[in-house]
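The values are calculated or read from the model by the stated rules, or taken from the named source; none is laboratory data. Fair warning: this is a prediction, and the values are worked out from it, not measured in the lab. Backbone-built Cβ (ideal geometry, glycine too); neighbour counts: all protein chains shown. For accessibility, only protein heavy atoms count, side chains too; no ligands or nucleic acids. Shrake-Rupley method; radii C 1.70, N 1.55, O 1.52, S 1.80 Å.
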Amino acid sequence: FPTIPIIVPGVTILILVGATGLIFAKETLDQRIKSPADVKMLPKVELLGVIPDVNEDPSGRDRIEGVVKELPDGLMAEAFRQMRSEVLSRMDRRGYKTLMLVGAQADCGVSALTNNLAVSLMHNRRKVLVLDANMRRPSQHILFGTPQAPGLTDVLRDQVSLDKVIVNGQEPGLAVLPAGQNGLIWPETFEGQGFRDLLTKLQNQFDVVLVDAPPALIASESQLLTKAVDAVVVVVRAMGEKRGMVGRLLGQLGGQRADVLGVVLNRAQTSAGGYFRESYQAFYQYRDDQDAQRPQAVAAT
């Protein structure tokens, strides 16, 4: 003793068993939502789309803001196109026109997703308005390149008429109603008749009204907004939220007037899904092959 032919295999097996046990325990205890499979573990939740982390895009894009407008044939725009199809299929079937996008906490990417989805809807020939209801951290005026005020708060305080604050975007069929001056209305205003009347007027003018809402577990406005809008999409940041937190958020938003359509997984990473990188590369390879064949087809005709 020690007997080498026995000790070496025995130690190897113990190491493998121990490592496997540690990995299994880590995965079991790690409740973060990392991939579409994690979303599907939530009870009675539909996955409406997966938006990849911008760093995963082989095109070299370094920010998600404005990506659908600037790269309409790119990977990110395709991800929003697929998300748009899932959302519209549910909204059109049920006759919904107002949709709120909301996350659990800050930095889920709600504002950027709202803006990109609006452009994608416009490409689908929908007349779209983005309503910035995030009074604590408004950003749609920055994304659209418009003044923050006058806006929503000024309309709700009867200081200016609605038609004076709607700003048309550079693209036809796309408009924004900015937040307006900060801190001038109480959150309870969103469950008042004045806000409901405003939404009714907007629904008469636009095919889809997208509402950019503040984080639901931080600000009370989002839960109040669910009493006025038709539908809700919950944005979950991959590697950022745990299943229990998202489940609690879905429970808070459910039972109101608004119909919770499902979840969009934002900033999905290769390490979270494993297959994402190959899928992204295949997308660009397929697109480039099509672009290369198109001149030949034109010449043949």
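Some points to look at:
- Residue in segment 104-121 that is more than 20 Å from GLY74 (Cα to Cα) and in contact with a helix residue (DSSP H, G or I) (Cβ under 6 Å, 6 or more places away or on another chain) present: yes
- Checklist (1) of a type outside the set (Phe, Trp, Tyr); (2) in a loop (DSSP other than H, G, I, E, B); (3) in contact with a His (Cβ under 9 Å, 6 or more places away or on another chain); (4) surrounded by 23 or more Cβ atoms within 10 Å (Cβ to Cβ) applied to GLN148, failing item: (4)
- Taking the listed residues ARG196, ARG125, the one that is among the charged types (D, E, K, R) and assigned to a loop (DSSP other than H, G, I, E, B) is ARG125, with no other qualifying.
- The set of residues in segment 58-87 being in a helix (DSSP H, G or I), touching a strand residue (DSSP E or B) at 6+ places or on another chain (Cβ under 8 Å) and not charged (D, E, K, R) consists of LEU75, MET76, ALA79, PHE80, GLN82, MET83, VAL87.
- Looking across segment 211-267, not a single residue is free of Cβ contacts under 8 Å to residues at least 12 places away in the same chain and of a type in the set (A, V, I, L, M, F, W, C).
- The requirement of being modelled with pLDDT of 95 or more, in a helix (DSSP H, G or I) and within 16 Å of LEU261 (Cβ to Cβ) is fulfilled somewhere in segment 93-100, by at least one residue.
- Of everything listed in (1) modelled with pLDDT of 95 or more; (2) over 14 Å from the mean Cα position of the chain (by Cα); (3) of a type in the set (Asp, Glu), the single unmet condition for GLU70 is (1).
- Qualifying residue in segment 181-193 (condition: surrounded by fewer than 22 Cβ atoms within 10 Å (Cβ to Cβ) and at pLDDT 95 or above): no
- Note on segment 199-220: residues that are assigned to a helix (DSSP H, G or I) and open to solvent by less than 10 Å² (accessible area, probe 1.4 Å) total 2.
- Being surrounded by fewer than 21 Cβ atoms within 10 Å (Cβ to Cβ) and of a type in the set (A, V, I, L, M, F, W, C) is a condition met by at least one residue of segment 71-82.
- Within segment 116-137, the residues that satisfy the criterion of being touching a residue at least 60 places away in the same chain (Cβ under 8 Å) and crowded, with 20+ Cβ neighbours inside 10 Å are LEU117, ALA118, LEU121, VAL128, LEU129, VAL130, LEU131, ASP132, ALA133, ASN134, MET135.
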